[in-house]
1. Can you give the charge dipole size of the chain about its Cα centre, rounded to the nearest 20 debye, using +1 on the beta carbon of Lys and Arg and -1 on the beta carbon of Asp and Glu?
2. Can you tell me how much longer the chain between Asp282 and Val431 gets when fully stretched, taken as 0.36 nm per residue apart minus their C-alpha distance, in nm with one decimal?
3. Give me the percent of DSSP beta bridges within the chain that run antiparallel, rounded to the nearest 5.
4. Going by how many other beta carbons lie within 10 Å of each one, how would you line up Asp113, Asp129, fewest first?
5. Say each of Leu401 and Ser479 gets a label point 7 Å from the Cα, pointing the same way as Cα to Cβ; how far apart are those two points in nm?
6. Under the 0.36 nm per residue contour assumption, what length would be gained going from the current alpha-carbon distance of Arg365 and Ala465 to full extension?
7. Listed highest first by mean packing, meaning other Cβ atoms within 10 Å per residue, what order do 334-341, 83-90, 72-79, 303-310 come in?
8. Quick one: if you stick a label point 7 Å off each Cα along the C-beta vector at Asp453 and Leu331, how many nm between them?
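FYI, it's all coordinate maths here, none of it is from the lab. Because the structure is predicted, anything quoted here is derived from the model rather than measured. Cβ sites come from the backbone with ideal geometry, for glycine too, and all protein chains shown count toward neighbours.
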Amino acid sequence: MNTGMTVHRKFSEQARRTPGAIALTGTQAQLTYRELDNCAGHLARRLVEAGVRPGDSVPMSLPRSVEAVVAMLAILKAGAAFVPVDPSNPGAMKRDCLVQCEARHVIVAPGDDGAWVGDPSVERIVAADVLAACAIGADDVEYGGSDELPVYIMFTSGSTGRPKGVVVPHRAVIRLVCEPDWVRIDSSDTLLLLSPISFDASTFEIWGALLNGARLAVWDEVAFDPNRLVQRVQSERVSVLWLTAALFHMMVRRCIGMFSGLRVLVAGGDVLRAAAINAVLDAFAGITVINGYGPTENTTFTCCYPMTRANRPVEPVPIGRAIRGTRVCILDEQARPVPDGEVGELCAGGLGVALGYLNSPEATRAAFVEQADGSLLYRTGDLVRRDGNGLIEFIGRRDRLTKIRGFRVSVDEVQALIGRIPGAEESVVEVRTDANGDSCLEAFIQTAERRDDMALFIRNELRKAAPAFMIPDRITICSELPLNANGKVDRRRTSSITRLTGENHG
């Protein structure tokens, strides 16, 4: 499987096989594979003439768009790695990205005044008229390179400190989407680019389509509207769709009909609910729902669990098995393998593992363990267990273990218990400090039910399944939990939640 192939070479082969097939569609533009190859080749020439060299890192502060995909491919053809940057990020955050990347060039959108760039030695390349070359003959700019070279650098959210750049090599993307054993994608499919390009799920959406001859429909609208999403999925005839767990659960509640034309639905990023999956499987014959699990450091997906009517899930929904090109092990605190049925930390190795963190050797050594053969093993920080059938179940984050009244508690396990209660659609459980300075649990629970005693009902249900120290001290019922730009529940905005029934204290 490790053929030495790079992402841009793989794309060029596909463009030669199906030059007239539609590759990209947006609300304002449409490109065939030949046209996309031409556009990227000419932009690559511009980048080389501007001084971009093989091995460079080129940040691109562009909105999700057809032009952004062209820019990614052009940067690769020039031999560099692309660095997607959310245009809405604060200027200081963008400048920090430039510093960490030691960037000499940055691609910006028309109208971006570039004030955040700061350093005059960093050349701004405006992504204007990049589609004008679609009808011109192909340019021969295409750096070969190695599959061990970086294809992109994806910055983490930085919720625990300065964002770290995850350096992902070409072989990791090839392993994810070329001849995968967990999903089938071919030229008859249409995928939707719904994820922000600075979110690693976009790796699957973009290259899963373009390296398999499928069509990539780009969500290039400024605002997210669930009703508009339903229209686009249906009008574009999307057949393979990725959604975060929170967005998947929302759409099952609001408009399950959106999934009617899908062949494959991939969801993940958080714990999936069996009831929502089974509702989709019951409604639409032939659909496959895949639970996709994986950190950015192991290139989007590490384990996957496909589900159909033949293997309907029950709680808890497994994250499945390691995908092809990936090996996983479950280790205890002394880095020893644990037996099936016992909880340990999931560690991932194989072709999907990143090269480490950009210019951060200490952080890299802390998270990536070098093996005897020189390969890296990534410590995910996720606690899991494997059952007797070889299926892996996600338990929670290692860093979300806390002490409550002297007892060791997994905050994610409490959240999972809440998720199994009828009517509890989504939840966030956080550790707070009470008036005495002691740690306590607070739960925010989304429900469509309008009963005044919902918090008491949930508390009583928890008492049937959990010891007293695992029951949240405060339960807040709300109609909708806030989502962030990546479609995940935004834990930092829980204070802004509109309460349905006030707060219920133990």
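1. Working: 56 positive and 61 negative charges, 147 e Å.
Rounded to the nearest 20 debye, it is 700 debye.
2. Values: separation 149, 0.36 × 149 = 53.64 nm, distance 3.73 nm.
Additional length available on full extension: 49.9 nm.
3. Details: 54 of 87 bridges.
Here the antiparallel bridges make up roughly 60 percent for the chain.
4. Working: Asp113 8, Asp129 11.
The order, fewest Cβ neighbours first, is Asp113, Asp129.
5. Taking the two extended label points, one gets 4.1 nm.
6. 32.0 nm
7. On the way: 334-341: 10.5, 83-90: 19.1, 72-79: 27.2, 303-310: 17.4.
Highest mean packing first, the order is 72-79, 83-90, 303-310, 334-341.
8. Taking the simple label geometry, Asp453 and Leu331 are separated by 5.1 nm.
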